[in-house]
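The values are calculated or read from the model by the stated rules, or taken from the named source; none is laboratory data. Note that the structure is predicted; figures quoted are calculated from it, not measured. Neighbour counts are summed over all protein chains in view; Cβ atoms, including those assigned to glycine, are modelled from backbone coordinates with ideal geometry.
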Amino acid sequence: MIPFLDLKAPHVELRAEIDAAIARVLDSGWYILGPEVEVFEAEFAAYCQVDHAVGVANGLDALHLALRAMDIGPGDEVIVPSNTYIATWLAVSQCGALPVPVEPVEATHNLDPARIEAALTRRTKAILPVHLYGQPADLDPILAIARSHGLRTLEDGAQAHGARYKGRRIGGHGDAVAWSFYPGKNLGALGDGGAVTTNDPELAQRLRVLRNYGSQVKYVNEVQGWNSRLDPLQAAVLRVKLAHLDAWNARRAALARLYLDGLAGTGLVLPAVPEWADPAWHLFVVRHPRRDALQQALADAGIGTLIHYPIPPHKQQAYAEAGFASDAFPLACTLADQVLSLPMGPQLSFGAATRVIDVIRQGC
Ligand SMILES: *Cc1c(COP(=O)(O)O)cnc(C)c1O
């Protein structure tokens with residue numbers, strides 16, 4: 001059996017370090033925010049080559065609170081990808097604003113800068129690109145559009161810890177980046193966690209207030225905030241894993257190279273990597289017109305795969321009231337029908353990846 005992702009494997013590898021980090025929090029007497037969270041925030045900001053990181057409870061809150069800190073609310077519109085995890089859209093909806101979908105570049109699956117201007121209206125306030133599958137979105141043209149129209153940019157970096165765009169780490173290109181530390185992400189906690197990175201000190205300060213009941217000074221509430229704080233136990237675990245992130249991303253990249261070479265010339269459409277992109281390889285996503293049969297053939301051979309994502313947000317019942325046309329966003333629909341994520345993770349062996357390649361080569 002080759003699982004899609006073995007969540008236990010990274011922790012087995014780091015067991016002694018993680019045990020020590022957890023014991024340090026237990027012994028500290030600090031169980032909400034405090035020094036462990038502050039040190040992780042500083043270390044993660046430094047890793048992302050950015051001035052500030054603010055830890056929050058999860059990736060959805062990171063997106064939602066970052067939009068709130070940008071004053072996005074009812075009547076506003078935010079450009080989002082038509083093909084993303086629904087959290088990207090929900091964060092906009094939670095602000096009372098309207099997610100306005102834009103289709104991706106077919107080869108990269110990432111937001112197409114050439115299609116953004118047609119979707120802008122008087123009400124557009126921000127652009128929210130996603131670095132989907134750990135492949136950086138084409139930020140320069142997106143940021144240029146935002147600048148020329150006076151829009152904010154928030155990036156969804158939930159799948160892109162360590163990815164680089166034109167040599168610089170994702171984290172500080174636009175106004176802010178929202179991160180998730182969900183266990184399966186490249187930098188994953190032992191539960192939920194999230195953060196926002198930014199070079200804007202005012203935005204960082206607003207986020208610190210919003211995540212903590214709208215309060216800087218205990219029992220003094222400036223605004224109606226939320227309780228969305230990164231847990232110090234998770235921060236301590238994340239500090240351990242952050243030190244291994246580059247090495248683990250390098251293993252992912254080596255596996256991706258193996259897949260790219262081994263699957264060349266099959267019927268699969270393989271990930272396209274622009275020359276300016278240094279992906280984090282959160283997922284290795286292929287396309288095939290008979291995707292379901294391919295997934296079944298792999299399952300029969302004991303190989304686990306997943307579909308990211310089978311139903312685009314505009315086709316979800318959750319957005320039925322938005323009234324999208326039945327033929328809207330055809331590219332997002334085609335991708336949802338054809339994508340398949342192969343096993344990928346820092347603890348996946350080369351032998352296992354070679355077996356995946358062999359099974360696919362026999363079947364396609
Ligand atoms: C995981 C993920 C999120 C949400 O993160 P949570 O921590 O689960 O709330 C948001 N956007 C994308 C693209 C994700 O992959």
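Among (1) surrounded by 14 or more Cβ atoms within 10 Å (Cβ to Cβ); (2) within 30 Å of His11 (Cα to Cα), where does Ala332 come up short?
If we test Ala332 against (1) surrounded by 14 or more Cβ atoms within 10 Å (Cβ to Cβ); (2) within 30 Å of His11 (Cα to Cα), just (2) comes out false.
Got a number for residues in the stretch 150-202 being assigned to a loop (DSSP other than H, G, I, E, B), within 22 Å of Arg252 (Cβ to Cβ) and not polar (S, T, N, Q)?
21
Is one or more of the residues making up the stretch 14-29 within 16 Å of Trp226 (Cβ to Cβ) and aliphatic (A, V, I, L, M)?
So far as the stretch 14-29 goes, no, none of its residues is within 16 Å of Trp226 (Cβ to Cβ) and aliphatic (A, V, I, L, M).
Inside the stretch 119-151, can you point out the residues that are more than 23 Å from Cys95 (Cβ to Cβ) and either in contact with a Pro (Cβ under 6 Å, 6 or more places away or on another chain) or away from the ligand (no atom under 15 Å from the Cβ) (or both)?
Gly134, Gln135, Asp138, Asp140, Pro141, Ala144, Ser148
Look through the stretch 120-149, keep the residues that are among the hydroxyl-bearing types (Ser, Thr, Tyr) and not in a helix (DSSP H, G or I), and return whichever of them is surrounded by the most Cβ atoms within 10 Å (Cβ to Cβ).
Within the stretch 120-149, the match that is surrounded by the most Cβ atoms within 10 Å (Cβ to Cβ) is Thr124.
Which of the residues spanning the stretch 304-329 are surrounded by 16 or more Cβ atoms within 10 Å (Cβ to Cβ) and not in a loop (DSSP other than H, G, I, E, B)?
Scanning the stretch 304-329 gives Leu306, Pro313, His314, Lys315, Tyr319.
Please determine, by comparing only the residues of the stretch 166-175 that are within 16 Å of the ligand (Cβ to nearest atom) and closer than 21 Å to Ile116 by Cβ, which one is surrounded by the fewest Cβ atoms within 10 Å (Cβ to Cβ).
Filtering the stretch 166-175 for residues that are within 16 Å of the ligand (Cβ to nearest atom) and closer than 21 Å to Ile116 by Cβ, the one surrounded by the fewest Cβ atoms within 10 Å (Cβ to Cβ) comes out as Gly174.
Please work out if Ala264 is surrounded by fewer than 16 Cβ atoms within 10 Å (Cβ to Cβ) and at pLDDT 95 or above.
yes
Just checking, which of Asp138, Asp112 is of a type outside the set (Ser, Thr, Tyr), touching a helix residue (DSSP H, G or I) at 6+ places or on another chain (Cβ under 6 Å) and within 23 Å of Val285 (Cα to Cα)?
That would be Asp138, the only listed residue that is of a type outside the set (Ser, Thr, Tyr), touching a helix residue (DSSP H, G or I) at 6+ places or on another chain (Cβ under 6 Å) and within 23 Å of Val285 (Cα to Cα).
Are any of the residues in the stretch 79-90 touching an Asp or Glu at 6+ places or on another chain (Cβ under 8 Å), under 29 Å from Pro274 (Cα atoms) and hydrophobic (A, V, I, L, M, F, W, C)?
Yes, the stretch 79-90 has at least one match.
Inside the stretch 336-354, can you point out the residues that are hydrophobic (A, V, I, L, M, F, W, C) and touching a strand residue (DSSP E or B) at 6+ places or on another chain (Cβ under 7 Å)?
Those that are hydrophobic (A, V, I, L, M, F, W, C) and touching a strand residue (DSSP E or B) at 6+ places or on another chain (Cβ under 7 Å): Val339, Leu340, Leu342, Met344, Ala352.
Just name the residue that is surrounded by the most Cβ atoms within 10 Å (Cβ to Cβ) out of those in the stretch 176-213 that are among the basic types (Lys, Arg) and more than 10 Å from the ligand (Cβ to nearest atom).
Arg211
So, in the stretch 83-106, exactly how many residues are more than 18 Å from Pro141 (Cα to Cα), within 14 Å of the ligand (Cβ to nearest atom) and touching a helix residue (DSSP H, G or I) at 6+ places or on another chain (Cβ under 7 Å)?
11
I need a count of the residues in the stretch 203-236 that are in a loop (DSSP other than H, G, I, E, B), among the hydrophobic types (A, V, I, L, M, F, W, C) and out of contact with any helix residue (DSSP H, G or I) (no Cβ under 7 Å at 6 or more places or on another chain).
2
Can you name the residue in the stretch 253-293 that is of a type in the set (A, V, I, L, M, F, W, C), in contact with a helix residue (DSSP H, G or I) (Cβ under 7 Å, 6 or more places away or on another chain) and outside any loop (DSSP other than H, G, I, E, B) and, of all such residues, is nearest to the ligand (Cβ to nearest atom)?
So the residue we want is Val285.
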